[in-house]
Structures are given as C-alpha cells and as structure tokens.
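Notes for the one structure printed next.
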Amino acid sequence: MEEKKNNSPVMELDEETLFIVSQTFKALSDPTRLRILHLLFQGEHSVNEIAEKLSLLQSTVSHQLRFLKNLRLVKFRREGTSLYYTHDDEHVIDLLKQSIEHASHH
C-alpha cells in the first residue's frame, strides 16, 4: 500500500469491485436507463406503466430492466402475470440525485 500525503493508506480496488463500479456507471450512462431508474426511484411500476409513462416500447423497457436487474439496481415482484419493479440500491439513488443536482447547478 502506498501512503497518501495525509498518511492514510491508499486502498487498491480489486478486479470485481472495478468491474461492478464500471458496469454501474455504464448503466447510468444510458439516457433510457436513467429515465427508467428515475421513475422507479419515485415508486413501484409495472413494465407496461413504465413503457406508457416514458413513451417507450415494452420490449425496450424489458431489455433495459433486465440489464438493470442483473446489476441489482432494480428488483421486482410478481403479481399474477405482471411484474412490478422498484429500485434496489439506495447508494445508486443518492448517486443519481447528486448527478441531477450537479447537472442543475449553474
């Protein structure tokens, strides 16, 4: 470990952490996924509701939700034949909120 100037050790990131962080930023770099996450941070929605509210095709929403679910950024519950999605990580909510505030700051 190298020493920083303030005498606290520099922690190296392991490969798994680097991969997860880079995939999270990849998820947040797509405007469609950002819109979906922003909507889900406001509450639970079905795939059809997401598609309708964001004027997207259901297939597009399903594809993006699968990507987000694989990263554990969203979770779902089944009710009958419908799936209802919500966010699955408060850290990502905070990151998104901070990014939005940053973009809005002049």
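Bear in mind that the values in this text are calculations on the coordinates, not laboratory data. As the structure is a prediction and not an experimental result, all values here were calculated from the model. Note that we place each Cβ from the backbone using ideal geometry, even for glycine, and neighbour counts take in every protein chain shown.
What dipole magnitude, in Debye to the nearest 20, does the chain give about its Cα centre under +1 on Lys/Arg Cβ and -1 on Asp/Glu Cβ?
Numbers: 13 positive and 16 negative charges, 87 e Å.
Dipole size: approximately 420 debye.
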Between 0 and 90°, nearest 10: helix 90-104 axis offset from the chain longest Cα axis = 90 degrees
Net dipole in debye of region 17-56 [+1 Lys, Arg Cβ; -1 Asp, Glu Cβ; about Cα centre; nearest 20] | 180 debye
Farthest positive-ward along the chain dipole, Cα basis, beta-carbon charges - from Leu18, Leu65, Ile93 | Leu65
For every helix of n ≥ 4 consecutive DSSP H residues, a contribution of -39,500 (n - 2.57) applies; sum these over the chain, divide by its total residues, and give [θ] at 222 nm rounded to the nearest 500 deg cm²/dmol.
-> -18500 deg cm²/dmol
Options His102, Pro9, Phe76, ranked by Cα towards positive dipole end of the chain, top entry (Cβ charges) = Phe76
Semi-axes of the chain's equivalent ellipsoid from the Cα gyration tensor, sqrt of 5 times each eigenvalue, largest first, rounded to whole Å?
-> 32, 16, 12
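How about region 2-93: which trypsin sites (Lys or Arg not before Pro) there are in a DSSP loop, with at most 13 other Cβ atoms within 10 Å of their Cβ? Don't skip to the answer; put the middle values down first.
On the way: sites: Lys4, Lys5, Lys26, Arg33, Arg35, Lys53, Arg66, Lys69, Arg72, Lys75, Arg77, Arg78; in loops: Lys4, Lys5, Arg72.
Filter output for region 2-93: Lys4, Lys5, Arg72.
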Candidate aspartates and glutamates - alpha carbon under 16 Å from Lys97, same-chain residues fewer than 8 apart omitted = Asp30, Asp88, Asp89
